[in-house]
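Read the figures in this text as sums done on the coordinates, not as results from a lab. The structure displayed is predicted, hence computed values, not measured ones. Cβ placement follows ideal geometry from the backbone for every residue including glycine, while neighbour counts extend to all protein chains displayed.
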Amino acid sequence: MAVGILEVNLISGKGLKRSDFLGKIDPYVEIQYKGQTRKSSVAKEDGGRNPTWNDKLRWRAEFPGSGADYKLIVKVMDHDTFSADDFIGEATVHVKELLELGVEKGTAEIRPTKYNVVDSDLSFVGELLIGVSYSLLQERGMEGEVFGGWKHSQVD
């Protein structure tokens, strides 16, 4: 089993539908990978419809690992100060091939790609621009390493 770092570059969103009756949204993204969740910053410019994040989110990822769900679930949420945050929609990014290639070559990436965001009715509610990379962690072996230290001395 190989261990590496899965990094998501959450760049921007476009045309996100408003869920707030006041018309302004403060979108952020929660990304889940194999039970681990990471959260982006909240984008507050442009009324939220076309947010820019430029956030990098990282996971420790094993391949092959347990389970077969090699995908990122990307949930777009609207931050609300006085009530519960609203779900806008979600996108799915499949990363199995990325992990396979990364294990084989040491590193791999999916260049920034547009992913459709759909709501719970599977209606289109916008898009996200996301890049993903995977890099193997170097094994920490002892081959060829030189250790310095002190010598035992005997007192006669």
(Q) For the pair residue 3/residue 62, report the inter-label distance in nm, with labels modelled 7 Å from Cα in the Cβ direction. (A) 0.9 nm
Q: Could you work out the local net charge near residue 36, counting Lys and Arg as +1, Asp and Glu as -1, over the other residues with Cβ closer than 14 Å to its Cβ?
A: +3
Q.
How far apart, in nanometres, would the label points at residue 104 and residue 80 be if each is projected 7 angstrom from Cα along the Cα-to-Cβ direction?
A. 4.7 nm
Q) Using the Cβ atoms and a cut-off under 11 Å, what net charge is assigned to the surroundings of residue 64, where Lys and Arg are +1 and Asp and Glu are -1? A) -1
